[in-house]
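Let me begin by presenting the structure, written as structure tokens, before commenting on it.
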Amino acid sequence: MGVLSGYRVIELAGIGPGPMCAMLLSDMGADVLRIDRVADAGLGIAMDQKYSLLNRGRRSVAFDLKKPEAIEAVLKLVEKADALIEGFRPGVTERLGLGPDHCLKRNPRLIYGRMTGWGQEGPLAHAAGHDINYIALSGALHSFGRKGDAPVPPLNLVGDFGGGALYLALGVVAGLLEAQKSGKGQVVDAAMVDGAASLMTAIYGMHGSGFWNNERGDNILDTGAHYYEVYETKDGKYVSIGSIEGKFYAELLEKSGLKGQELPHQQDRQKWPAMKERLKTIFRSKTRDEWCKIMEGSDICFAPVLNMDEAPKHPHNKHRGTFIEEGGVTQPGPAPRFSRTPSKIQRPPAKPGEHTEEALRDWGFANSDLETLRKSGAIPKPA
């Protein structure tokens, strides 16, 4: 029984951050019902459905949202839900008849979570965009990359998943908590540009103080410093070093063989490039595994740089169960962890519309309701 067990959430199907938010809520025990479009039923994407891991944990109902009967059916589901999440451009759900006003009228306690890139209003609100654009506008993208090189997008982790999915999940859960006190629902406006900016709060603080400059790859955390860097090893692999604090830096000097030599002060920025060259030479003298034997588990702040085949096999990750195998697919397990109400993956990723009639019955639809929906074309007829 997960920490969110007993809560019911409707997910209007989308891509990226919306599904990840729904996955997180489901892993924590919520009954999340994914509303897919009839046109998508059975189509999926190029890869096998079992690898669509962001869709894990919940059932899928397929509706033709162009049919008024389908809209009414979704509103009936809303009456029984605690929250709804959607990721359309501003105004789309309003035009469908599923906007916040429509839904809160049917269920005044509903938490209505909205995921967009630019937010519900503003000059760019209706423009198309992706993670790379939202983190560019927030000041985050400019900060990723090496000195003299172009910015490097950090996958789509900062906008879609960090600034989007996690902030929407936090907003929904916070809204549910507040609704228990007030008895009233509300709208959560989770914009990825806002979330990405929020993730940069500490960096903006350092920038304001003059400690962080706009020169990419010239600061303490962006590969400017020799003690916070990735180094290539003799076998062409890599290790990561994060020896920021003085006592950790002292251990780096000891285990790298630099202790006792004439060295500049750790924070002498003018000497960072020269120190980096010395460490590059040192780390290229041994293989990654050899450095692991010397440094792993120490207070250097060290870890090997693992690829996605290697990471699940690392002893620490295996001990923690950080990765699990579910349905024959190795994948990250639920996070965070709870001592009394553990999270779990409730079911494998569903095909669009796989549970239409089963789930609707569980949410209170009678057989006669299903027959009406079938005849109107609001839901597909059973194969």
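Mind listing whichever residues of the range 253-269 are under 40 Å from the mean Cα position of the chain (by Cα) and either hydrophobic (A, V, I, L, M, F, W, C) or assigned to a loop (DSSP other than H, G, I, E, B) (or both)?
Correct list: Leu253, Gly257, Leu258, His265, Gln266, Gln267, Asp268.
Check Lys280, Lys255 and return the single one that is basic (Lys, Arg) and in contact with a Phe, Trp or Tyr (Cβ under 8 Å, 6 or more places away or on another chain).
On the way: Lys255 fails: in contact with a Phe, Trp or Tyr (Cβ under 8 Å, 6 or more places away or on another chain).
Exactly one of Lys280, Lys255 is basic (Lys, Arg) and in contact with a Phe, Trp or Tyr (Cβ under 8 Å, 6 or more places away or on another chain), namely Lys280.
Mind checking which residues of the range 287-334 are out of contact with any Pro (no Cβ under 9 Å at 6 or more places or on another chain), touching a residue at least 60 places away in the same chain (Cβ under 8 Å) and among the aliphatic types (A, V, I, L, M)?
Ala303, Val305, listed by residue number.
Determine which member of the set Gly163, Gly175, Gly185 is over 19 Å from Ala30 (Cα atoms) and of a type outside the set (A, V, I, L, M).
So the residue among Gly163, Gly175, Gly185 that is over 19 Å from Ala30 (Cα atoms) and of a type outside the set (A, V, I, L, M) is Gly163.
Can you say whether Leu166 is closer than 30 Å to Gly224 by Cβ, under 14 Å from the mean Cα position of the chain (by Cα) and part of a loop (DSSP other than H, G, I, E, B), as far as the supplied structure shows?
No; evaluated as a whole, the condition is false for this residue.
Tell me, yes or no, whether the range 60-79 has at least one residue that is surrounded by fewer than 16 Cβ atoms within 10 Å (Cβ to Cβ) and within 20 Å of Val172 (Cα to Cα).
Yes: the range 60-79 contains one or more residues that are surrounded by fewer than 16 Cβ atoms within 10 Å (Cβ to Cβ) and within 20 Å of Val172 (Cα to Cα).
What number of residues in the range 194-215 are hydroxyl-bearing (Ser, Thr, Tyr), without any contact (Cβ under 8 Å) to a residue 60 or more places away in the chain and more than 9 Å from Ser138 (Cβ to Cβ)?
2
Scanning for something modelled with pLDDT of 95 or more, surrounded by 14 or more Cβ atoms within 10 Å (Cβ to Cβ) and part of a loop (DSSP other than H, G, I, E, B), does the range 270-280 turn up at least one residue?
Within the range 270-280, not a single residue is modelled with pLDDT of 95 or more, surrounded by 14 or more Cβ atoms within 10 Å (Cβ to Cβ) and part of a loop (DSSP other than H, G, I, E, B).
Of (1) outside any loop (DSSP other than H, G, I, E, B); (2) surrounded by 14 or more Cβ atoms within 10 Å (Cβ to Cβ); (3) over 29 Å from the mean Cα position of the chain (by Cα), Ala197 satisfies all except one. Which?
So the condition that Ala197 fails would be (3).
Condition test on Phe211, is it among the aromatic types (Phe, Trp, Tyr) and either loosely packed, with under 15 Cβ neighbours inside 10 Å or not in a helix (DSSP H, G or I) (or both)?
Yes: the conditions hold for Phe211.
Looking at the range 256-314, which of its residues are polar (S, T, N, Q) and under 15 Å from Thr233 (Cβ atoms)? Lay out the reasoning, then the answer.
Of the residues in the range 256-314, the ones polar (S, T, N, Q) are 256, 261, 266-267, 270, 281, 285, 287, 298, 307.
Residues satisfying the conditions are Ser256, Thr281, Ser285, Thr287, Asn307.
What's the total number of residues in the range 98-125 that are buried (at least 22 other Cβ atoms within 10 Å of the Cβ) and part of a loop (DSSP other than H, G, I, E, B)?
Final tally of qualifying residues: 4.
Would you tally the residues in the range 345-360 being assigned to a helix (DSSP H, G or I) and either in contact with a strand residue (DSSP E or B) (Cβ under 8 Å, 6 or more places away or on another chain) or over 14 Å from Ala62 (Cα atoms) (or both)?
4
Restricting to the range 144-177, what's the tally of residues that are out of contact with any helix residue (DSSP H, G or I) (no Cβ under 6 Å at 6 or more places or on another chain), closer than 14 Å to Asp82 by Cα and surrounded by 14 or more Cβ atoms within 10 Å (Cβ to Cβ)?
5
Determine, yes or no, whether Asn307 is modelled with pLDDT of 95 or more and either exposed (fewer than 13 other Cβ atoms within 10 Å of the Cβ) or not in a helix (DSSP H, G or I) (or both).
Yes; evaluated as a whole, the condition is true for this residue.
The values are calculated or read from the model by the stated rules, or taken from the named source; none is laboratory data. Just so it is clear, the model here is predicted, and its values are computed rather than measured. Backbone-built Cβ (ideal geometry, glycine too); neighbour counts: all protein chains shown.
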